[in-house]
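S.K.: Quick one: the structure is below, questions incoming.
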Amino acid sequence: MTFKNTPKIELHTHLEGCAPPSFIKGLAAEKNLDLSKIFTPEGGYAFRDFDHFLQVYEAACTTLQSPEDFRRLTLAVLEETAAHGVVYMETFVSPDFCGGGDLVAWREYLAAMQDAANQAETQFGITLKGIVTGIRHFGPEACKPAAKCAVETFGDFITGYGMAGGEMVGRPGDYAYSFDMAREAGMPLTCHAGEWGGPDMVADTIRDLRVARIGHGISAVQDPALMEQIAEQGIVLEVCPGSNVVLNAVEGWADHPIVKLRDRGVKVTVSTDDPPFFHTTMTAEYDMLHKTFGWNEDDFKTINETALAAAFCDDDTRARVAKRLETT
Ligand code: HPA
Ligand code: ZN
């Protein structure tokens with residue numbers, strides 16, 4: 001049983017984290033960079049745990065040095081993602097990896113990504129929107145220029161603001177300034193929390209950063225009152241089961257809390273996070289949810305309806321994507 005052709009929406013991907021190892025290897029060769037340490041003999045990315053994953057991720061990012069590199073990356077990623085039935089995708093992009101937080105440079109990188117996104121929409125039938133992310137382990141001060149870049153380029157392509165990176169660095173409230181900036185500009189918000197932190201991290205993220213969505217959020221399952229609050233407030237979880245399994249945030253597929261969360265009325269969606277790092281695709285995620293929990297077309301339809309309603313895009317795009325979900 002495969003759900004490869006089922007139309008899908010994914011809300012939680014990191015653009016550079018979608019780069020196939022062969023793509024990064026090609027760029028490294030062009031630029032004479034020795035990145036042999038970050039690859040396994042079989043050609044995958046090599047990392048031991050989450051912190052090491054972040055280091056390998058940043059090493060891979062050193063090959064992406066120009067708007068043209070990001071144009072090629074965006075096009076390659078969208079071709080691959082569309083091949084798994086994804087019709088709408090949101091991706092985290094960071095000014096820190098695109099010109100080091102400089103607004104003028106950021107606009108050039110963004111124009112290149114948008115150019116690739118337009119081409120992919122025509123060629124592969126997939127729509128991409130970007131969510132600007134601050135990187136938590138770079139610290140609260142570094143998140144301010146990221147938020148400034150977000151606010152200044154909020155519009156057709158950049159549709160939200162969020163935060164990724166090392167979840168256990170600082171507390172959510174330390175990052176409130178950048179989230180306040182984005183909120184005051186009218187940007188929808190999301191933040192990684194509860195992948196590594198406990199339910200207190202999820203609760204503080206909701207209270208101090210006032211986000212509409214949480215990246216992962218799976219530790220909420222440990223706190224019934226928090227699940228009730230999340231359900232009541234309609235906060236949507238961007239759940240990435242395959243990522244959680246590979247990084248050992250859960251013991252295995254059978255132990256994944258996505259079903260318990262859903263059964264408590266929490267709105268859940270399904271994404272891949274960084275697919276080549278975690279040896280996953282949206283097809284693999286759906287296939288494993290079917291195999292492990294018996295989820296079927298009806299379950300996936302609900303998941304996609306939830307995702308579409310929670311997408312940060314404008315309503316015209318939402319209506320167009322809704323049609324594609326029905327007719328694909
Ligand atoms: N989690 C947190 N930060 C990240 C990730 C991730 O999966 N990928 C890139 N930055
Ligand atoms: Zn993530």
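S.K.: Considering only protein heavy atoms and a probe of 1.4 Å, how much of the accessible area of the chain is carbon and sulfur, as a whole percent?
M.R.: Here carbon and sulfur together make up 50 percent of the probe-accessible area.
S.K.: Based on DSSP, what percent of beta bridges with both residues in the chain are antiparallel, to the nearest 5?
M.R.: For the chain, the DSSP antiparallel bridge percentage is about 5.
S.K.: Also: Counting only Cα, what are the radius of gyration and maximum Cα-Cα distance Dmax of region 246-309, in Å?
M.R.: Using the Cα atoms of region 246-309, the pair Rg, Dmax is 11.8, 31 Å.
S.K.: A further question follows. Do the alpha carbons of any pairs in LYS8/LYS37; LYS31/LYS144; LYS148/LYS267; LYS144/LYS267; LYS4/LYS291 sit beyond 23 Å of each other, and which pairs?
M.R.: LYS8/LYS37; LYS31/LYS144; LYS148/LYS267; LYS144/LYS267
S.K.: Over the chain, with a Gaussian network built from C-alpha contacts below 10 Å, which listed residue (GLY252, GLY294, GLY101) shows the highest mean-square fluctuation?
M.R.: GLY294
S.K.: Please compute, for the alpha-carbon atoms of region 122-180, the extent along each of the three principal axes and give them in descending order in Å.
M.R.: Rounded to whole Å, the extents work out to 42, 22, 14 Å.
S.K.: Which whole-percent values make up P(r) of region 1-49 when all C-alpha to C-alpha distances are grouped in 5 Å steps starting at zero?
M.R.: The calculated distribution, bin by bin, is 5, 15, 20, 20, 14, 13, 9, 5, 1.
S.K.: Using only the alpha carbons of region 201-289, determine the length spanned along each of the three principal axes and report them from longest to shortest in whole angstroms.
M.R.: For region 201-289, the Cα extents along the three principal axes come out at 34, 24, 20 Å.
S.K.: In the chain, if the dipole is taken from +1 on Lys/Arg beta carbons and -1 on Asp/Glu beta carbons about the Cα centre, which of GLY242, ALA284, ILE38 is farthest to the positive end?
M.R.: Farthest along the dipole direction, towards plus: ALA284.
S.K.: Checking the a/c ratio against 1.5 first, then a/b against b/c, what shape does the Cα gyration tensor give for region 1-98?
M.R.: Verdict is prolate for region 1-98.
S.K.: With every protein chain present, what is the per residue accessible area of the chain (1.4 Å probe, Å²)?
M.R.: 40
S.K.: Sticking with this one: Against the globular-protein guess of 2.2 N^0.38 Å, express the Cα radius of gyration of the chain as a ratio, rounded to two decimals.
M.R.: The value comes to 0.92.
S.K.: To the nearest 20 debye, what charge dipole does region 124-251 have about its Cα centre, counting +1 at the Cβ of each Lys and Arg and -1 at the Cβ of each Asp and Glu?
M.R.: Dipole of region 124-251, to the nearest 20 debye: 340 debye.
S.K.: Per DSSP H run of n ≥ 4, the term is -39500 (n - 2.57); total these for the chain, divide by its residue number, and report the mean residue ellipticity at 222 nm rounded to 500 deg cm²/dmol.
M.R.: It comes out at -14500 deg cm²/dmol, rounded to the nearest 500.
S.K.: At q = 0.30 Å⁻¹, what log₁₀ I(q)/I(0) does region 207-259 have when each alpha carbon counts as one equal point scatterer in the Debye sum?
M.R.: Results for region 207-259 at q = 0.30 Å⁻¹ read -1.23.
S.K.: Pick from ASP156, ASP115, ASP34 the residue whose mean-square fluctuation is largest in a GNM of the chain, springs joining Cα atoms under 10 Å.
M.R.: With Cα springs under 10 Å in the chain, the top fluctuation among ASP156, ASP115, ASP34 is at ASP34.
S.K.: Right, here's the next one. So how strong a dipole does the chain carry about its Cα centre when Lys and Arg Cβ are +1 and Asp and Glu Cβ are -1, to the nearest 20 debye?
M.R.: 280
The values are calculated or read from the model by the stated rules, or taken from the named source; none is laboratory data. Predicted model only: the values in this text are computed from it and were never measured. All Cβ positions, even for glycine, are placed from backbone atoms using ideal geometry, and neighbour counts span all protein chains on display. Heads up: the accessible areas ignore ligands, DNA and RNA and are worked out on the full protein's heavy atoms, side chains in. Shrake-Rupley method; radii C 1.70, N 1.55, O 1.52, S 1.80 Å.
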